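Here's the structure we're looking at; comments come further down.
Bear in mind these aren't lab numbers, they're just calculated from the coordinates by the rules spelled out. The shown structure was predicted, so the numbers you read here are calculated from the model rather than taken from an experiment. A quick note on method: Cβ atoms are made from the backbone with ideal geometry, for glycine too, and the neighbour counts reach across all protein chains shown.
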DNA sequence: TCTTTACATGAAAACGATTACATTAAATTA
DNA sequence: TAATTTAATGTAATCGTTTTCATGTAAAGA
């Protein structure tokens, strides 16, 4: 079925070298030859075998996308963005996750050493020593998407977790006029979680509000964790008026808790989240949260990576920080 | 950095053929040689170049996953399931969508003709003539996931849309005791949509309820379409008591309409959906819907495909239908 | 007309693995 | 002991493409 370059060469009455040159737009071949080759290729439906091509050129137009998990719309949007750019540039997207027992390092090593991919987009909540070492002696172009810029030897894109959390906390204090604000953090080995917590704390301090340590509870970024943490907070003798969860999933956990404790959001307590996942807009009342442009982020990462893959000389690494956007919802009342 | 088989052969003092045999567990090589090769390979961190291997063996352990769109948790769970099985079997997942201008056929041709993937999982709402033809003369193992089994020359997995919709409609009639049930269908070139509508109609007829054509409105599987269709239904002089939307997204559109028209679900009208997407459980009241085990479906598809890719002799094609599960929610009251 | 230059194309090597076939050495049989 | 079989390994071809280098031809210059 599939025809090879040799057969095409025979049909055209030229050598395989000329075919290759014609298809790759080498200026050496004459217009007539090029036309003849192209029309014959189209007629016979010839498509170069990408495996063979990648094999000999040592370049692959496959991008390896390494994520901590393949679950939820967050990562879906990331894949979507990457795929969009890949498609437009005739690249391919290979997904991989460190779910189950697999470590991020393992996934990266796999991609790096087997010649399949020509570049890597690494989304990771934290870069540990093993991964850091791998990236350092990595020969493959890599773009790191992370909650914090803590690696300089790659292009990187970070979400502005700190300023997002800061501005949301500040909004609750100065627009909504609340001071009793609790925080459910993400796991504290997660850079996003750390940055968001820092933003929350600094906003409190800058507004002259003492930080109540009891009101900072570590969660795990799941609805279940949010449920547990919010239950703990709401059963305290002195309970907060607002719960700022470090992501929307945990904020949803707060809604579940409210139902269980027979409390009303936003009357009995207010809730804020982070991420603006799809479900957030359908919560009743709508969740106040921060929108993270994850689709655009995926597109940006793929764009930078492809540029890097096509360039031989290495310009300085790009480090981009993308801002979040405050999405006001009914989950926080203005204080009367 | 990356070492080749030649260098490894030199280090071991054997030929590349022996290395290859040792690594592929050929019974011909002695235990001692095999051990020597394996330990040296581990020491030097040798990993066979998969490109070269695939190139020469004409087999690829990359699976191409073709989807109509890369968006929403539905497809995310599909990818998740496929990835899980791929990882366990040392396969890779390459995603591709027919979003934007790209047709499904284009995506398939690309995968088929370029030698990159060794098998295809094709998720498509309908198989048109072009795709049908492609699949027929396809040399690559393919598993089709579709709303309806309408192609016999491949392994296939179908969601039991008909029985799901039938049982849900029957449940509304016989358990919830409603007879005035409207339906917002999906686009009618979509097999899932067609099967679901058929299930709805047949359930009505089998229960002796006349089908009201005005109460069947074609939607587009989006919240916006669900909004438009439900608005239309609710503004009729004789309006339905229950709206059965062909998917959860459109059901969410019904919730939005309710808010806009200042109506209360389930008091003023009831809603049912199909898919059981993540957001459905957080709707207030919880959406009554049908759970589609999409993650398991992805796993199943990948499992079958990998079996097929490893087998030379072609056994009969498998055709699997997976059932849906009724998820009762507060969105439909029992009729007093 | 002869040499030089430029240009278009062809011949052949290369990439890293697998594998059919050849070869060698050891073991078995006569 | 010589002949034959068997087991383990080596040699070399192969896959489809790109690319270096060589070749031949036409145009330009002397």
Which angle between 0 and 90 degrees, to the nearest 10, do you get for helix A:248-260 versus the longest principal axis of chain A when only C-alpha atoms count? 40 degrees
Evaluate the relative contact order of chain A (contact order divided by residue number), counting alpha-carbon pairs under 8 angstrom at least 6 apart; express in whole percent. 17 percent
Expected sort for A:136, A:196, B:286 with the fewest Cβ neighbours (10 Å cutoff) up front is A:136, B:286, A:196
So how compact is the stretch A:35-90: Cα radius of gyration and Dmax in angstrom? 16.6, 50
Among A:40, A:249, A:263, which comes first, second and so on when ranked by fewest other beta-carbon atoms within 10 Å? A:263, A:40, A:249
Can you give me the Rg/Rh ratio for the stretch B:102-162, using Cα atoms for both radii and the Kirkwood formula for Rh? 0.95
Sort out for me the Cα centre separation of the stretch B:63-137 from the stretch B:215-258, rounded to whole Å. 31 Å
Here the averaged projected area of the stretch B:69-196, based on the convex hull of its alpha-carbon atoms and given in nm², is 9.7 nm²
List the equivalent ellipsoid semi-axes of the stretch B:9-73 in whole Å, largest first, each obtained as the square root of 5λ for an eigenvalue λ of the Cα gyration tensor. 35, 13, 11
Calculate how steeply helix A:223-234 sits against the longest principal axis of the alpha-carbon atoms of chain A, using the helix alpha-carbon long axis, and give the answer as 0 to 90 degrees to the nearest 10. 20 degrees
Mean projected area, convex hull of alpha-carbon positions in the stretch A:165-239, reported to one decimal in nm², is 4.8 nm²
On the first, second and third principal axes, largest extent first, how far apart are the outermost C-alpha atoms of the stretch A:174-289 in Å? 32, 29, 26
Contact order normalised by residue count of the stretch A:172-259, Cα under 8 Å, 6+ apart, percent: 37 percent
List A:57, A:142, A:16 from most exposed to least, where exposure is judged by having the fewest other Cβ atoms within 10 Å. A:57, A:16, A:142
How far is residue B:39 from the same spot in each other copy, in nm, shortest first, if each label point sits 7 Å from Cα toward Cβ? 6.6
Rg to Rh, two decimals, where the stretch A:234-336 supplies the alpha carbon set and Rh follows Kirkwood: 1.21
For the stretch B:20-119, what percent of Cα pairs sit more than 16 Å apart? 67 percent
Where does the protein assembly as shown land on Rg(C-alpha)/(2.2 N^0.38 Å)? 1.07
Mean other chain Cβ within 10 Å across B:273-279 is 3
Ordered shortest first, which distances in nm separate the 7 Å Cα→C-beta label point of residue B:89 from those of the other copies? 3.1
Per residue of chain A, what 222 nm ellipticity follows from adding -39500 (n - 2.57) for every DSSP H run with n ≥ 4, rounded to the nearest 500? -13500 deg cm²/dmol
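Evaluate the relative contact order of the stretch B:130-223 (contact order divided by residue number), counting alpha-carbon pairs under 8 angstrom at least 6 apart; express in whole percent.
Working: 120 pairs, mean separation 24.8, N = 94.
Here the relative contact order equals 26 percent.
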Exam field: residue A:15 pseudo-label spacings to other copies (7 Å along Cα-Cβ), nanometres: 3.1
How big is the Kirkwood radius of the stretch B:267-310, worked out from every pair of different alpha carbons and given in Å to one decimal? 12.6 Å
Relative to the longest principal Cα axis of chain B, at what angle does helix B:72-88 sit, 0 to 90 degrees, rounded to 10? 30 degrees
Ratio to report: Rg/Rh of chain A, with Cα atoms as the point set and Rh obtained by the Kirkwood method; give two decimals. 1.14
